[in-house]
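Each value in this text was obtained by applying a stated rule to the coordinates, not by laboratory testing. Computed from a predicted structure; not experimentally measured.
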Amino acid sequence: MKKILIAFFALMSYSALQAQESMPTKQQSIQTKVTSWYCCPKCDCSQEMVGQCCIHDIDLIKDGNYFCETCNFQSRNVRTCPKCNIDMKQMECGTKKQPVQLKK
């Protein structure tokens with residue numbers, strides 16, 4: 001009976017240790033957070049959330065999306081504007097990935 005109890009507790013201890021190792025820590029969760037950038041197609045205005053350009057008052061385009069320069073239509077996959085029937089450009093924030101503040 002003692003051998004069975006010892007084996008049971010050993011198995012439970014091993015399971016508990018494995019469960020702790022497989023759970024992500026808070027630091028790992030923070031590091032895996034993906035940030036999306038939104039940029040103005042006309043200037044360097046950029047931010048980490050959906051919004052409008054602080055200078056041109058137009059919708060910001062998500063990094064990697066396609067946009068029409070004429071009507072500002074945007075899409076993840078469509079490369080030809082359905083409204084204007086022209087080729088759309090892909091937004092590449094690149095070096096714009098820093099929030100821009102207006103000078104007063």
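Taking amide H as placed 1.01 Å from N in the peptide plane, the amide H of TRP37 sits under 5 Å from that of ASP63, each at least 5 places away or on another chain.
A simple rule links phi to the HN-Hα coupling: the Karplus curve 6.51 cos²θ - 1.76 cosθ + 1.60 with θ = phi - 60°, which for the stretch 61-75 gives 9, 5, 4, x, 6, 9, 9, 8, 6, 7, 10, 6, 5, 9, 7 Hz, with x for Gly and Pro. Taking amide H as placed 1.01 Å from N in the peptide plane, the amide H of GLN52 sits under 5 Å from that of LEU60, each at least 5 places away or on another chain. The stretch between LYS2 and ASP57 holds 12.2 nm of extra length on full extension. This uses 0.36 nm per residue minus the Cα-Cα distance. Using a cutoff of 8 angstrom between alpha carbon atoms and counting only pairs six or more residues apart, the relative contact order for the stretch 35-96 works out to 29 percent.
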